[in-house]
Amino acid sequence: MNDKCIMENLLLTTKGVCDLYMHGAIESPTANVHQAFSTALNDTLSMQDSIYKQMTAKGWYTTDQAPQQQLNQLRQKFSAQA
């Protein structure tokens with residue numbers, strides 16, 4: 001298993017953990033439980049961001065920029081609804 005594959009697995013796992021912690025915070029029955037899940041979520045989001053930045057720096061996680069025309073169309077669509 002190469003480094004890129006390991007980082008991809010770490011990122012996917014971390015994203016999954018974020019989802020679990022978020023739902024734990026939402027469904028928390030008490031303030032203490034809510035705080036524990038919220039703290040864990042924030043720590044895990046920070047970890048996810050770090051992994052993402054490392055992958056981006058190595059060129060292992062690339063994103064495409066949306067065309068300006070498409071952005072303008074969406075902006076018009078949603079500003080008309082507001």
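The values are calculated or read from the model by the stated rules, or taken from the named source; none is laboratory data. Given the structure is predicted, the values throughout are model-derived calculations rather than measurements. Positions of Cβ are generated from backbone atoms using ideal geometry, with glycine treated the same way; all protein chains shown enter the neighbour counts. Ligands, DNA and RNA are excluded from the accessible area calculation, which covers all protein heavy atoms including side chains. Shrake-Rupley method; radii C 1.70, N 1.55, O 1.52, S 1.80 Å.
Could you work out the relative contact order of the chain? I mean the mean sequence separation of Cα pairs under 8 Å and 6+ apart, divided by the number of residues, in percent. Numbers along the way, then the final one.
Numbers: 39 pairs, mean separation 23.1, N = 82.
Contact order relative to length: 28 percent.
Which value at 222 nm does the chain reach when only helices count, each DSSP H run of 4 or more adding -39,500 (n - 2.57), with the total divided by all residues and rounded to the nearest 500 deg cm²/dmol? Display every interim value, and only then the final one.
Numbers: 3 runs with 65 residues, N = 82.
Per the formula, -27500 deg cm²/dmol.
Please compute the per residue accessible area over the chain with all protein chains in place, 1.4 Å probe, rounded to a whole number of Å². Write down the numbers at each step before the final one.
Values: 6440 Å² over 82 residues.
Computed with neighbouring chains in place, this is 79 Å² per residue.
Rounded to the nearest percent, how much of the accessible area of the chain (1.4 Å probe, protein heavy atoms only) is carbon and sulfur?
Here it works out to 55 percent.
Cross-link partners among lysines for LYS15, C-alpha distance below 16 Å, same-chain residues fewer than 8 apart left out?
Cross-link targets: LYS53.
Mind checking which aspartates and glutamates have their C-alpha under 14 Å from LYS58, skipping anything on the same chain fewer than 8 residues away?
Output for LYS58: ASP3, GLU8.
Compute the FRET efficiency between ASP49 and GLU8 as 1/(1 + (r/R0)^6), taking r as their Cβ-Cβ distance and R0 = 25 Å, and round to the nearest 0.05. Don't skip to the end; give the middle numbers.
Values: r = 16 Å, r/R0 = 0.62.
The calculated FRET efficiency here is 0.95.
Dipole magnitude of the chain about its Cα centre, charges +1 at Lys/Arg Cβ and -1 at Asp/Glu Cβ only, in debye to the nearest 20? All intermediate terms of the calculation are to be shown ahead of the outcome.
Working: 6 positive and 7 negative charges, 65 e Å.
It works out to roughly 320 debye.
Can you figure out the FRET efficiency of ASN42 with LYS77, using R₀ = 41 Å and their beta-carbon distance, to the nearest 0.05? Before the final figure, lay out each step's value.
On the way: r = 33 Å, r/R0 = 0.81.
That pair, ASN42 with LYS77, gives E of 0.80.
Across 5 Å bins from the origin, how do the percents of Cα pairs in the chain run, short distances first?
3, 13, 15, 13, 10, 12, 18, 11, 4, 1
Rounded to the nearest 0.05, what FRET efficiency do TRP60 and GLU27 give with R0 = 41 Å and r taken as the Cβ-Cβ distance? Could you check? Display every interim value, and only then the final one.
Numbers: r = 34 Å, r/R0 = 0.83.
The computed FRET efficiency comes out at 0.75.
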